[in-house]
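The values are calculated or read from the model by the stated rules, or taken from the named source; none is laboratory data. Quick caveat, the model's predicted, so the values are computed rather than measured. Glycine also receives a Cβ, built like all others from the backbone with ideal geometry; neighbour counts cover every protein chain displayed.
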């Protein structure tokens, strides 16, 4: 039973480019969460999605960041016009539903903006 | 929103000793408190969790205690081993969905 998958594991972008991060939840999980982790800091909630719906995006920056979880395929976190401050590890987690929800994390995507 | 504070930020113990990490939360409505272990460069992994209707939970060498009145919860690791060295994060959730994480404790177990 495969765990949460994320790709790419490492991503290098130049300032102004776009970054697309993908997350495939565990089999049977329909809830996805995205977190950002800056170096030597904790995990900061960004967004919570269910299939085709954004449930809570209170942690998402208002500009340049967007997320989706289509009916088919992985969840995508998209960062437009990246800046150096976007460099971080981005983790997604998934859960099967029900409250409270135990979240299982993927291996993360480490984004470096040059 | 919820605010979670975690102490200490770093902790060194001798192998075989116990380690205790403490977290406080601000919103009394929070009802779920997981603990994650993150090794360098790896994903956070759930090691234990506790719900607000329980005061203590134990799993082998790991235990978590919750004091709802004082709004704090603690992770206890007994008989520490070098492989316990990692960063540990506590979290609190009041909706059951959005987790608020502490800033982490870097634990080093000295052989």
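Anything in segment B:36-60 that is in contact (Cβ under 8 Å) with a residue 12 or more places away in the chain, at the interface with another protein chain (Cβ under 9 Å from one of its Cβ atoms) and closer than 30 Å to residue A:9 by Cβ? List them, or say none. Matches in segment B:36-60: B:36, B:38, B:44, B:46, B:49. Looking at the structure I just gave you, is residue A:113 in contact with a helix residue (DSSP H, G or I) (Cβ under 6 Å, 6 or more places away or on another chain), away from every other protein chain (no Cβ under 14 Å) and surrounded by 13 or more Cβ atoms within 10 Å (Cβ to Cβ)? Spelling it out, residue A:113 is indeed in contact with a helix residue (DSSP H, G or I) (Cβ under 6 Å, 6 or more places away or on another chain), away from every other protein chain (no Cβ under 14 Å) and surrounded by 13 or more Cβ atoms within 10 Å (Cβ to Cβ).
Every residue, every condition in (1) surrounded by fewer than 18 Cβ atoms within 10 Å (Cβ to Cβ); (2) free of Cβ contacts under 8 Å to residues at least 60 places away in the same chain; (3) in a strand (DSSP E or B), yes or no:
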{"site": "A:47", "(1), (2), (3)": "no, yes, yes"}
{"site": "A:66", "(1), (2), (3)": "yes, yes, yes"}
{"site": "A:70", "(1), (2), (3)": "yes, yes, no"}
{"site": "A:77", "(1), (2), (3)": "no, yes, yes"}
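Just one of the listed residues (A:59, A:108, A:98) is within 14 Å of chain B (Cβ to nearest Cβ), under 30 Å from residue B:52 (Cβ atoms) and without any contact (Cβ under 8 Å) to a residue 12 or more places away in the chain, namely A:98. Tallying residues that are in contact (Cβ under 8 Å) with a residue 60 or more places away in the chain, within 10 Å of chain A (Cβ to nearest Cβ) and surrounded by fewer than 21 Cβ atoms within 10 Å (Cβ to Cβ) within segment B:83-97 yields 2. On inspection, residue B:80 passes the criterion of being modelled with pLDDT of 95 or more and more than 10 Å from every other protein chain (Cβ to nearest Cβ).
Criterion applied to B:64, B:13, B:20 was being within 22 Å of residue A:105 (Cα to Cα), in a strand (DSSP E or B) and either in contact with a strand residue (DSSP E or B) (Cβ under 7 Å, 6 or more places away or on another chain) or at pLDDT below 95 (or both), and the one residue passing it is B:64.
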